[in-house]
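Chemist: Here it is, the structure in full.
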Amino acid sequence: MNFIKTSLLLSVFAFSNISFGQEEIIIIDKYQNKKDRKEKEIVYNDNTSVFKFAPLNMLVGEINFGYEKQLSKNTSVDFEFGPTLSKISLFINDDHLGVLSGPAKFERSGLGFLASIGYRFYPSTDTEALNRFYVSPIFKYKVYNHTIEDVSGILDDVGGSNTSFNFLFNFGYQKWVSELFSLDFYAGLGLGYQSLVDYNPTSIVVNNDFEYSWDKDADSGARYVFSLGIKVGFGQK
């Protein structure tokens, strides 16, 4: 009888230890799994597209609007568009008084436009596209137009231009300040092709009289281009 009681007690004691041991292991595993899930938690965006404006670009005569649309978890497409203004100055100098014996050149601001398209890749594994660090190849077309006047009234007005087609590789960081407001910082380097067209007054003597005309001054070629700026974004869910 004592042997049976002793065997039962040992069995109960061993079973209790095994049960408690298994329960303790389960608690540790749950805690570790919860911790791992927290460390690997992906930050998802509430916005799938962003409307943007680049305020600093007004310093170079661009009224630059933008739109970025998420394509996949790590990619997006980015557009820029808007008008350009040339020959911008702090003060308007429109003083043409005086006696002019020949043509006198004066350049006025003109309206042009810009357009670009870029493909963005967001490499981070714990966020979606439209958030944090990105790299982006960009193609951008931009034209500045201006009017060239002869203030003497001898020659008719003509138009000049500054046209560029650029390829840039931008690096940037888009940060969401609030649920629907973002700041997009970027900088880049690339190559571009620029074409300049301008006119200057010229004259020749015919039968002891001066004949005046515009002499076209055109130049074009490749160049290095740089980008640096910030865009203010307004998200759309």
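What follows is calculated from the coordinates using simple rules that are stated; it is not laboratory data. Keep in mind the model is a prediction, meaning the values are calculated, not measured. Cβ sites come from the backbone with ideal geometry, for glycine too, and all protein chains shown count toward neighbours.
Chemist: Just subtract the alpha-carbon distance of residue 125 and residue 228 from 0.36 nm times their residue separation and send over the number in nm, one decimal. Provide the component values of the computation, followed by the final result.
Modeler: On the way: separation 103, 0.36 × 103 = 37.08 nm, distance 2.61 nm.
Value of the extension gain: 34.5 nm.
Chemist: Here's something else I'd like to know. Relative to the present Cα-Cα distance, how much length would full extension add between residue 88 and residue 195 at 0.36 nm per residue of separation? Can you show the working numbers first?
Modeler: Numbers: separation 107, 0.36 × 107 = 38.52 nm, distance 1.95 nm.
Stretched fully, the residue 88-residue 195 segment lengthens by 36.6 nm.
Chemist: In addition: Suppose the chain between residue 74 and residue 151 were pulled fully straight at 0.36 nm per residue; how much longer would it get relative to their current alpha carbon spacing?
Modeler: Between residue 74 and residue 151, full extension yields an extra 22.1 nm.
Chemist: Okay, next question. Among 73, 105, what is the fewest-to-most ranking by other Cβ atoms within 10 Å?
Modeler: On the way: 73 12, 105 15.
Result, fewest neighbours first: 73, 105.
Chemist: Give me the compactness ratio for region 45-236, meaning the Cα radius of gyration over 2.2 N^0.38 Å. Provide the component values of the computation, followed by the final result.
Modeler: Details: Rg = 22.3 Å, N = 192, 2.2 N^0.38 = 16.2 Å.
Region 45-236 yields a ratio of 1.37.
Chemist: Exposure proxy check: 128, 179 ranked by fewest other beta carbons within 10 Å? Intermediate values should be presented prior to the final figure.
Modeler: Working: 128 21, 179 11.
So the residues, fewest neighbours to most, are 179, 128.
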